[in-house]
Every structure is written in C-alpha cells, then in structure tokens.
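Asks: I have a structure I would like to understand better, so I am pasting it below and will then ask my questions one at a time.
The values are calculated or read from the model by the stated rules, or taken from the named source; none is laboratory data. On a predicted model such as this, the values are computed, not experimentally measured, just so you know. Positions of Cβ are backbone-derived with ideal geometry, glycine not excepted, and every protein chain shown enters the neighbour counts. These accessible areas exclude ligands, DNA and RNA; they are computed on the full protein's heavy atoms, side chains included. Shrake-Rupley method; radii C 1.70, N 1.55, O 1.52, S 1.80 Å.
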Amino acid sequence: MGTVTLVIRGVPSRSTPLRAIPKKIARPQAILAVLHREWLSPHTIRITAGGPGFEALRMNEFTDKYAKIIFADRGLGLTPPYDLAALRESLPPDRQPVTRTYTLRRADVERQQIAIDFVVHGDKGIAAPWAAHAEPGDILTLSGAGGAYRPDPGSDWHLFAGDESALPAICSALEALPGDARGIAYLETSDPGEYLDATPPSGVEVSWLHRPEPGTTPGLLAEALLAGPWLSGRADVFAHGERESMKAVRAALKTRLGDGDQLSLSGYWASGRTEDAFQSEKRQPIGQI
C-alpha cells in the first residue's frame with residue numbers, strides 16, 4: 001500500500017499511510033417465482049417460491065433463519081435485481097423500494113424452494129396484502145439468509161414463547177429437537193383454533209394463549225411464564241415477538257432464569273409501527289428491550 005496526501009481545508013498534511021476503505025458490497029438478491037399460495041389458518045398465508053435464483057440465498061443451520069423481502073413500486077416498472085443504492089439516491093422517499101423481514105419456515109436446498117408464512121389482518125401493511133393476492137408466477141425478490149439461534153442440545157430443557165410472527169421459527173426449532181427433549185411452548189395467537197405446523201416431542205407441552213388482535217395484550221406471554229411451571233436443569237429459552245410483549249417477558253424471566261440458562265430474546269415487530277419505524281427506533285430508548 002502506498003501513501004496518500006491528506007488535504008484539510010486546502011492545506012496538505014504530511015503523507016500518511018492509509019488503509020483503503022472497502023466499498024460496501026450489495027447483498028446478493030434471490031429472484032424467485034411464486035409456486036403456491038396456501039391459507040394455513042384464518043390469518044396466516046404460506047407462500048412457496050423457488051427457482052434457480054435460490055442459489056443467491058446463503059443458507060445456514062439456524063432454526064430462526066430469515067430473509068429480507070424487497071418490495072418495489074410497481075408503477076416504476078423496475079426489474080429485479082434492484083440497485084438499491086442508486087434508487088435511494090434517485091427516487092423520493094415515498095417511491096423507494098422497502099424491505100420486510102420474514103422467517104423462512106422451510107428451505108429445501110435440493111428442490112430450490114422456500115416457504116414463508118405471512119400473518120394477514122385486513123389490508124394493512126405491504127407484505128401481507130401482497131401475499132394475500134400472490135399468484136403462481138409472481139416474482140419474489142429477497143436477500144439473506146440471516147439467523148442466530150438453534151436449540152442447544154446440551155440444555156436440559158427448552159422454553160419457547162412467541163406470537164404469530166415467531167411461530168415459524170418456533171416450529172422449526174421444535175422439529176430440530178431430539179425425540180426425548182423436554183420443554184414448554186407458550187404460543188400467542190388471535191386465531192380461534194390451534195394450528196401448529198410441527199410435531200413437537202412428547203415431552204414438550206404446548207400452551208395456546210388467545211387474544212383478539214396482535215399487540216393488544218402485551219402482558220399475556222409474561223403472565224403465562226410467571227404462572228406456569230419451571231422445569232429442573234439448565235434452560236434454553238427462545239422468546240421473540242412484539243416489542244412491548246418481549247419487554248414484559250424479559251422482566252418476567254429475570255425472576256426465573258438461573259446460572260447456566262441461555263436466552264435468545266428480541267422484538268420482531270412493534271404494535272402500531274411499520275418495520276421502517278420499528279428498525280429506526282432500535283437505538284432509541286423506546287426500542288430497547
């Protein structure tokens with residue numbers, strides 16, 4: 001590496017060795033075609049998509065692996081993959097592509113297919129209405145996958161707590177457990193029935209918690225955790241869902257977690273916020289969990 005001359009306010013400084021600042025590389029975008037749309041429950045739609053674009057997804061072994069879905073204004077006639085950096089510079093804020101984060105319920109590498117579950121409540125939002133009207137052949141553009149959690153096989157038992165947004169990750173985790181696993185799963189939903197897209201081990205008890213609408217009862221999961229049993233041994237806890245609900249869950253777990261217990265906890269969304277607002281608030285006091 002050679003030396004460069006820094007110029008500050010028109011005055012050259014002494015020559016100083018500098019490391020080149022790497023240019024930020026755009027994440028690869030997987031361009032898939034919708035293959036199938038299926039209603040799993042009154043408020044949940046599963047979209048199955050696939051194609052050779054699958055190879056752009058960087059798969060991992062996490063049970064909470066997720067991808068960023070990119071939605072562009074159809075009126076602009078843009079064709080993916082999108083140059084997001086250029087579009088941010090050239091388009092007004094209300095016309096720029098937006099991203100929404102979703103857990104991959106399943107990823108079939110051999111068949112080059114993914115399944116994503118969307119929670120639908122009316123015509124609110126961007127992703128859910130798209131999923132409700134998606135047809136075979138429609139294009140789905142996304143980047144990923146991320147993730148951070150997989151059940152710890154060294155734990156004595158497992159605790160899961162979450163709402164509809166966390167259900168795909170929880171179902172994937174339940175499928176990854178060994179047959180002799182012990183645990184408890186608290187699942188919050190506004191559906192009238194009890195739909196579980198996984199068969200948990202016989203030693204895992206599933207408790208359903210019902211409320212009218214997502215985000216309306218932020219203390220529901222925390223109350224169940226405090227009132228329910230706490231198994232013996234080292235616990236591996238996965239708690240994800242609405243932000244205020246997770247704040248209450250964290251407070252409840254402070255009274256129950258012991259030395260050696262493990263905790264994966266975060267907010268997937270915030271009631272009354274778009275994902276853009278939710279993400280921007282993460283560094284603010286309201287966004288801290």
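Asks: What is the dipole size for the chain, taken about its Cα centre, with +1 at each Lys and Arg Cβ and -1 at each Asp and Glu Cβ, in debye to the nearest 20?
Replies: Working: 31 positive and 35 negative charges, 328 e Å.
The calculated dipole for the chain is roughly 1580 debye.
Asks: Any idea what the relative contact order of segment 23-100 is, in percent, if you count C-alpha pairs under 8 Å spaced at least 6 apart?
Replies: Numbers: 70 pairs, mean separation 20.9, N = 78.
Reported relative contact order: 27 percent.
Asks: Also, I was wondering about something else. Remind me, relative contact order of segment 159-269 in percent, using alpha carbon pairs under 8 angstrom and six or more residues apart?
Replies: 28 percent
Asks: Using the heavy atoms of the protein chains alone and a 1.4 angstrom probe, what is the accessible area of segment 60-173 per residue in square angstrom?
Replies: Values: 5320 Å² over 114 residues.
Using a 1.4 Å probe on heavy atoms only, each residue of segment 60-173 averages 47 Å².
Asks: Please give the charge dipole size of segment 78-196, origin at the Cα centre, charges +1 on K and R Cβ atoms and -1 on D and E Cβ atoms. Round to the nearest 20 debye. Don't skip to the end; give the middle numbers.
Replies: Details: 9 positive and 18 negative charges, 61 e Å.
For segment 78-196, the charge dipole is close to 300 debye.
Asks: May I ask which residue of 115, 161, 101 lies farthest towards the positive end of the charge dipole of segment 85-185, with charges of +1 (Lys, Arg) and -1 (Asp, Glu) on Cβ and the Cα centre as origin?
Replies: In segment 85-185, that residue is 101.
Asks: Apply the Karplus curve 6.51 cos²θ - 1.76 cosθ + 1.60, θ = phi - 60°, to the phi angles in segment 188-194 and return the couplings in whole Hz, x for Gly and Pro.
Replies: 9, 8, 9, 6, x, x, 10
Asks: A further question on this structure: Helix-only estimate, please: 222 nm mean residue ellipticity of the chain, summing -39500 (n - 2.57) across DSSP H runs of length 4 or more and dividing by its residues, to the nearest 500.
Replies: Numbers: 6 runs with 49 residues, N = 289.
Counting only the DSSP helices, I get -4500 deg cm²/dmol.
Asks: Within a Cβ distance under 9 Å of residue 189, other residues only, what is the Lys/Arg minus Asp/Glu net charge? Working shown, then result.
Replies: Working: positive: 211; negative: 163, 164, 188, 191, 194.
Every neighbour counted, the sum reads -4.
Asks: Moving on to the next point. At 1.4 Å probe size, with the rest of the protein present, what percent of the exposed accessible area of the chain is carbon and sulfur atoms? Could you put the intermediate results ahead of the total?
Replies: Values: 8190 of 15540 Å².
That fraction is 53 percent.
Asks: How many times 2.2 N^0.38 Å is the alpha carbon radius of gyration of the chain?
Replies: 1.16
Asks: Sticking with this structure for a sec: With r defined as the distance between the Cβ atoms of residue 95 and residue 232 and R0 fixed at 45 Å, what FRET efficiency is calculated, to the nearest 0.05? Could you put the intermediate results ahead of the total?
Replies: Details: r = 56 Å, r/R0 = 1.25.
Efficiency at R0 = 45 Å is approximately 0.20.
Asks: Please name whichever of 252, 190, 179 sits farthest to the positive end of the charge dipole of the chain, dipole taken about the Cα centre and charges placed at Cβ: Lys and Arg +1, Asp and Glu -1.
Replies: So the residue we want is 252.
Asks: Let me ask something else. With all pairs of different alpha carbon atoms counted, what Kirkwood hydrodynamic radius in Å does segment 89-227 show? Please report the intermediate quantities before stating the final value.
Replies: On the way: mean 1/r = 0.0575 Å⁻¹.
Result for segment 89-227, one decimal place: 17.4 Å.
Asks: Specify the residue with the greatest mean-square fluctuation among 196, 159, 76, computed from a Gaussian network of the chain linking alpha-carbon atoms under 10 Å apart.
Replies: 76
Asks: Further question: Only Lys, Arg, Asp and Glu count, each charged at its Cβ (+1, +1, -1, -1), so figure out the dipole size of segment 147-281 about its Cα centre, rounded to 20 debye.
Replies: Numbers: 10 positive and 21 negative charges, 87 e Å.
Roughly 420 debye for segment 147-281.
Asks: Pairing the Cα long axis of helix 167-176 with the longest principal axis of the chain, what angle in degrees results, from 0 to 90 and rounded to the nearest 10?
Replies: For 167-176 against the chain, the angle is about 70 degrees.
Asks: At 0.36 nm per residue, and after removing the present C-alpha to C-alpha distance, how many nm does the segment from residue 110 to residue 156 gain when stretched out fully? Before the final figure, lay out the partial values.
Replies: Numbers: separation 46, 0.36 × 46 = 16.56 nm, distance 3.31 nm.
Answer, rounded to one decimal: 13.2 nm.
Asks: To continue, here is another question. What list of ³J(HN,Hα) values in whole Hz, one per residue of segment 250-256 in order, does the Karplus curve 6.51 cos²θ - 1.76 cosθ + 1.60 (θ = phi - 60°) give from phi, with Gly and Pro shown as x?
Replies: 4, 4, 5, 5, 4, 8, 10
Asks: A further question on this structure: At a Förster distance of 45 Å, what's the computed FRET efficiency of residue 202 paired with residue 124, Cβ-Cβ distance as r, to 0.05?
Replies: Numbers: r = 38 Å, r/R0 = 0.86.
For R0 = 45 Å, the calculated efficiency reads 0.70.
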